[in-house]
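A short worksheet on the structure shown next.
The values are calculated or read from the model by the stated rules, or taken from the named source; none is laboratory data. All of these numbers come straight from a predicted model, not from anything done at the bench. FYI the Cβ positions are ideal-geometry reconstructions off the backbone, even for glycines, and counts take in every protein chain you see. Ligands, DNA and RNA are excluded from the accessible area calculation, which covers all protein heavy atoms including side chains. Shrake-Rupley method; radii C 1.70, N 1.55, O 1.52, S 1.80 Å.
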Amino acid sequence: MSERGALRARLESLAREVAKFGVVGAVGLVVNIVVSNLLWRYTEIPTVRAGLLATFVAILCNYVGFRHWTYRDRDKTGRTRELTLFLLFSAAGAVIETGVLYVATYGFGWDTPVQSNVFKIVGIGVATLFRFWSYRTWVFKALPAPEAAADKGALVTVPAPAVREADAARR
């Protein structure tokens with residue numbers, strides 16, 4: 001495959017990954033906003049705490065979507081490691097997301113339902129960039145490409161015709 005063809009294939013693969021990540025993220029966004037609004041409306045839980053609880057509910061939904069759809073082709077050998085890193089990076093994303101809501105609510109006093117929703121969505125947007133990078137880089141690690149395995153001295157099977165040609169050349 002030419003260098004240009006390889007680049008195009010990588011970009012197409014990345015575009016599919018981003019689209020799948022976006023679909024799972026959109027479901028998580030809906031879960032996050034719905035749970036936040038239910039907690040804000042029907043409980044006495046403070047705005048930022050309710051937003052944080054909703055974020056954790058969405059994180060659990062997202063893990064299922066990421067593992068079983070977006071990154072289903074990725075390495076599945078270290079599930080404990082994967083889940084630990086997912087929760088760690090998700091918690092960091094929750095701090096980013098909730099930090100935006102916290103600053104808006106307590107720093108600027110913007111805590112009407114509309115303002116809370118706007119800053120919740122802004123926080124989710126900023127945290128999503130961090131989560132995409134961290135999940136694809138550290139959590140759902142790509143399996144090594146076959147040519148990468150060959151470079152590391154892994155056992156590579158040679159097709160039968162190539163073996164026969166090599167044997168004929170030795171005779």
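Scalar couplings 3J(HN,Hα) for region 65-77, obtained by applying the Karplus form with A = 6.51, B = -1.76, C = 1.60 to θ = phi - 60°, are x, 5, 5, 9, 9, 4, 10, 5, 8, 8, 3, 10, 6 Hz; x denotes Gly and Pro. Subtracting the Cα-Cα distance of ALA92 and ALA15 from 0.36 nm times their residue separation leaves 25.2 nm of extension gain. Computed over protein heavy atoms with a 1.4 Å probe, the carbon and sulfur contribution to the accessible area of region 1-140 reaches 69%. Applying 0.36 nm per residue to the separation of TRP110 and VAL23 and subtracting their alpha-carbon distance, the gain on full extension is 28.4 nm. Extending 7 Å from the Cα toward the beta-carbon at both ARG49 and THR77 defines two label points whose distance is 4.4 nm. Spin-label model, PHE132 to ARG8: label points 7 Å out along the Cα-to-beta-carbon direction sit 2.3 nm apart. Put simply, when 88-94, 63-69 are sorted by average Cβ atoms within 10 angstrom per residue, most first, you get 88-94, 63-69. Distance between the 7 Å Cα→Cβ label points at THR84 and ARG41: 4.1 nm.
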